[in-house]
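Just so you know, all these numbers are worked out from the coordinates, no wet-lab data involved. The model shown is predicted, which means the values in this text are computed figures rather than measured ones. Cβ atoms come from the backbone with ideal geometry, glycine included; neighbour counts cover every protein chain shown.
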């Protein structure tokens with residue numbers, strides 16, 4: 001019988017998020033904006049959602 005184990009915890013401030021097939025869009029946005037780290041891109045996108053009233057719509061992939 002196999003036991004279910006959760007993956008090892010990452011150090012504080014290091015979280016992995018699987019964004020799947022939109023990774024190319026993420027990398028392009030990061031490059032075009034000159035953002036150096038993924039956390040900057042995430043904050044930018046989250047702040048954009050808040051700025052636009054909390055409603056984010058994206059084109060279908």
Exposure proxy ranking, count of Cβ atoms within 10 Å, fewest first, for 43, 17: 17, 43
Computed label-point distance, nm, for sites residue 21 and residue 38 using a 7 Å Cα→Cβ extension: 2.0 nm
